[in-house]
1. So how do 57-66, 43-52, 71-80, 30-39 stack up, highest first, on mean other-Cβ count within 10 Å?
2. Given Cβ point charges of +1 (Lys, Arg) and -1 (Asp, Glu) and nothing else, what value in debye, to the nearest 20, does the dipole of the range 19-81 about its Cα centre take?
3. Taking θ = phi - 60°, what integer Hz values does the Karplus form 6.51 cos²θ - 1.76 cosθ + 1.60 yield along the range 62-73, in sequence order, with x for Gly and Pro?
4. For every other residue with a beta carbon closer than 14 angstrom to the beta carbon of residue 59, add +1 if it is Lys or Arg and -1 if Asp or Glu, then tell me the sum.
Amino acid sequence: MGAPSRCRKSAIYAAEDVETGEIEHVLERHPDVRGAVVIAREDTSGEKRLVAYVVAKDQAHLSIPEIRLFAQEKLPQFMVP
């Protein structure tokens, strides 16, 4: 029996097939992130946006700008939630 595999998750966002699981994996590499979930969500104007929900490790303090900068350093702009 091998190592468990990640479930493939994707969404169509900005005419791109975005692998949300790949974005989650990148966010989870942040030293203060315990877990992450990324979804494509429609806002009130009907525009789709990528949204990330992250859980900090115990006693860690995360900020949105910190997580966004981390993602921008590792992902193409259209994949940054």
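Values in this text are rule-based calculations from the coordinates and carry no lab data. Bear in mind the structure is a predicted one, so any value in this text is a computation, not a measurement. Backbone-built Cβ (ideal geometry, glycine too); neighbour counts: all protein chains shown.
1. Values: 57-66: 9.5, 43-52: 11.3, 71-80: 14.0, 30-39: 16.3.
Packing proxy ranking, top to bottom: 30-39, 71-80, 43-52, 57-66.
2. Working: 8 positive and 11 negative charges, 10 e Å.
With Lys and Arg at +1 and Asp and Glu at -1, about 40 debye.
3. Listing the rounded values in order: 9, 10, 4, x, 5, 5, 5, 4, 4, 5, 5, 6 Hz.
4. On the way: positive: 34, 57; negative: 32, 58.
Spelling it out: positives minus negatives among the neighbours equals 0.
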